[in-house]
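Inspection log for the structure reproduced underneath, given as structure tokens.
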Amino acid sequence: MSDTVKYVLEETRLPEAWYNLVADLPEPPPPVLHPGTGQPVGPDDLAPLFPMQIILQEVATDRFLTIPEEVRAVYRQWRPTPLYRARRLERALETPARIYYKYEGVSPAGSHKPNTAVPQAFYSKQEGITRLTTETGAGQWGSALAFAGAVFGLEVEVYMVKVSYDQKPYRRGLIEAYGARVVASPSNETNSGRAILAEHPDSTGSLGMAISEAVEAAATREDTKYSLGSVLNHVLMHQTVIGEEASAQMELAEDYPDLVIGCTGGGSNFSGLSFPFIGRALRDGSELRVIAVEPSACPSLTKGLYAFDFGDTGHLTPLVKMHTLGSTFVPPPFHSGGLRYHGMAPLVSHLKELGLIEARAYTQTEVFAAGVEFARIEGILPAPEANHAVKAAMDEAIRCREEGKSEAILFNLCGHGHFDMQAYIDYSAGKLVDHEYSEDEVAMALAGLPTVAA
């Protein structure tokens, strides 16, 4: 057997349905509320933003939802993605643990994000929509939606968080190569952006700000819908093709994970890998540890308050109950742009409250150290976001060594770092620093949480 074993499924094993964890939860998640009335939102409330099929998926309770053949046809370009066993890493760490990673960097956009961009673009096209707006942090979601828009002939406008717009010109270039328009956020193109710039002219932006701009840009035009790359239930569900494939691939490897790990910002790649495994554990009563790993500079799961909050800075979105640092909180400019979000997906937050998952946070320099070590051993340079999962997997493998335990560890390497080379250059030059979030700023942001009746 080679040092790194690759398990790839035949085309016939491409998942035919997305998995919906809501069907197996011991307690249903809290409802999404209208910010004006405080009552649960209905389809009509969401219709200005999303295609009806997306709205129906958002509130679905069925365990499985069929993937349209038109979507599966696009998925076949890169799915199933490979599952690797990191034997060289195991030897380097001298661990009895068996380390596996699902590699989503083989997609056209270089990450897991097309798994939801493709169906969102498909359903919009099906409904006669010609234009999509969205936000992006690190640029992975923006490039994924730009790719999907090109596939289905849709115009795409991407509001890119300004600090990432400046830090990641090549990711911005990829978005534009797919034909989308990129706007640095906050911008002067929306009321939300102008209001932010009037108060903070030098704002580096945040995902919350970019969401406000993208939502506003969509809501003001009938030919336009808004696409979201994380957080909401339908997005997490689309990503479960990752975990469904991984489960079948682990069977081919004649193994099964004791521990599942994913990095978390909004929660999509973590959910995509872990939800099918969590669902199986809930159904058969088996034991499973699941770890969500976030940046210590934006620690919504480990430090945030579980409360109803807006998903955006401009307060244009419905209220969702999630672990939040406050919708007006602006994270420091660390390089894992995809994890710079003030809140966590409501469904992931619900799992944390139920005690079904654990959470931990790491600093920027320690995850880059892990990513560089992983690249030198396994040969794949992870995206800065994925480095958080790499670090946790390595720490758990070392724990297994110290405890003499042979556990199977599975993590999601959700994208490659080929468009993040400036961050790696800065790390190698000793220029990368650890940012600390301001407790005073978080306190101020949390003081502005909306009032919701019990």
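The values are calculated or read from the model by the stated rules, or taken from the named source; none is laboratory data. Owing to the predicted nature of the structure, the values given are computational and were not obtained by experimental measurement. A quick note on method: Cβ atoms are made from the backbone with ideal geometry, for glycine too, and the neighbour counts reach across all protein chains shown.
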Subject >> Only listed residue being modelled with pLDDT under 95, in a loop (DSSP other than H, G, I, E, B), within 20 Å of Arg360 (Cα to Cα) and not hydroxyl-bearing (Ser, Thr, Tyr), chosen from Ala297, Ala307 >> reply: Ala297
Original post:
Going by the conditions given, is Ser164 out of contact with any His (no Cβ under 6 Å at 6 or more places or on another chain), under 30 Å from Leu14 (Cβ atoms), modelled with pLDDT under 95 and polar (S, T, N, Q)?
Top reply: no
Original post:
All but one of (1) modelled with pLDDT of 95 or more; (2) within 25 Å of Pro29 (Cβ to Cβ) hold for Glu373; which doesn't?
Top reply: (2)
**OP:** Would you point out which residue out of Val260, Val231 is β-branched (Val, Ile, Thr) and within 13 Å of Leu410 (Cα to Cα)?
**Re:** Val260
**OP:** For residues that are within 18 Å of Leu83 (Cα to Cα) and out of contact with any Asp or Glu (no Cβ under 8 Å at 6 or more places or on another chain), scanning just region 274-288, find the one that is surrounded by the fewest Cβ atoms within 10 Å (Cβ to Cβ).
**Re:** Phe277
Subject >> Any chance Val161 is touching a residue at least 60 places away in the same chain (Cβ under 8 Å), aliphatic (A, V, I, L, M) and over 30 Å from Leu259 (Cβ atoms) >> reply: yes
**OP:** Mind checking which helices (runs of 4 or more DSSP H) fall wholly inside region 346-432 and carry at least 1 residues that are of a type outside the set (Gly, Ala, Ser), on the phi > 0 side of the Ramachandran plot and in contact (Cβ under 8 Å) with a residue 24 or more places away in the chain?
**Re:** none
**OP:** Would you mind stating whether Thr133 is assigned to a strand (DSSP E or B) and not acidic (Asp, Glu)?
**Re:** yes
**OP:** Only one of these is over 27 Å from Gln140 (Cβ atoms) and in contact with a strand residue (DSSP E or B) (Cβ under 9 Å, 6 or more places away or on another chain): Pro96, Pro40. Name it.
**Re:** Pro40
**OP:** Examine region 197-218 for a residue that is among the aliphatic types (A, V, I, L, M), touching a residue at least 12 places away in the same chain (Cβ under 8 Å) and within 22 Å of Tyr75 (Cα to Cα), and state whether such a residue exists.
**Re:** no
**OP:** Inspect region 40-55 for any residue being touching a residue at least 60 places away in the same chain (Cβ under 8 Å), in contact with a helix residue (DSSP H, G or I) (Cβ under 7 Å, 6 or more places away or on another chain) and acidic (Asp, Glu) and give the result as yes or no.
**Re:** no
**OP:** Test each condition in (1) touching an Asp or Glu at 6+ places or on another chain (Cβ under 9 Å); (2) in contact (Cβ under 8 Å) with a residue 40 or more places away in the chain for Pro331 and report the one that comes out false.
**Re:** (1)
**OP:** Would you be able to say whether some residue in region 59-82 is among the polar types (S, T, N, Q), more than 21 Å from the chain's Cα centre (by Cα) and part of a strand (DSSP E or B)?
**Re:** yes
**OP:** Just give me the residues in region 72-110 being β-branched (Val, Ile, Thr), within 25 Å of Ala150 (Cα to Cα) and buried (at least 20 other Cβ atoms within 10 Å of the Cβ), in sequence order.
**Re:** Val74, Thr81
**OP:** May I ask you to verify whether Gly337 is at pLDDT below 95, of a type outside the set (A, V, I, L, M, F, W, C), closer than 25 Å to Leu25 by Cα and touching a strand residue (DSSP E or B) at 6+ places or on another chain (Cβ under 8 Å)?
**Re:** no
Original post:
Checking Lys391 against (1) surrounded by 15 or more Cβ atoms within 10 Å (Cβ to Cβ); (2) modelled with pLDDT under 95; (3) within 20 Å of Thr363 (Cβ to Cβ); (4) of a type outside the set (Gly, Ala, Ser), which single condition isn't satisfied?
Top reply: (2)
**OP:** Those residues that are in contact with an Asp or Glu (Cβ under 7 Å, 6 or more places away or on another chain) and either of a type in the set (A, V, I, L, M, F, W, C) or at pLDDT below 95 (or both), I need them from region 110-131; list them, please.
**Re:** Phe122, Ile129
Original post:
Which of the following residues is hydrophobic (A, V, I, L, M, F, W, C), free of Cβ contacts under 8 Å to residues at least 24 places away in the same chain and under 20 Å from Glu16 (Cα atoms): Ala121, Ala117, Ala73, Ala148?
Top reply: Ala73
**OP:** Within region 22-60, track down each residue that is buried (at least 16 other Cβ atoms within 10 Å of the Cβ) and of a type in the set (S, T, N, Q).
**Re:** Gln53, Gln57
**OP:** Consider Asp440 carefully, then state whether it is in a helix (DSSP H, G or I), under 29 Å from Gly105 (Cβ atoms), free of Cβ contacts under 8 Å to residues at least 24 places away in the same chain and not basic (Lys, Arg).
**Re:** no
Subject >> Residue count for region 12-52, restricted to those that are in a helix (DSSP H, G or I), out of contact with any Gly (no Cβ under 6 Å at 6 or more places or on another chain) and closer than 22 Å to Gly243 by Cβ >> reply: 4
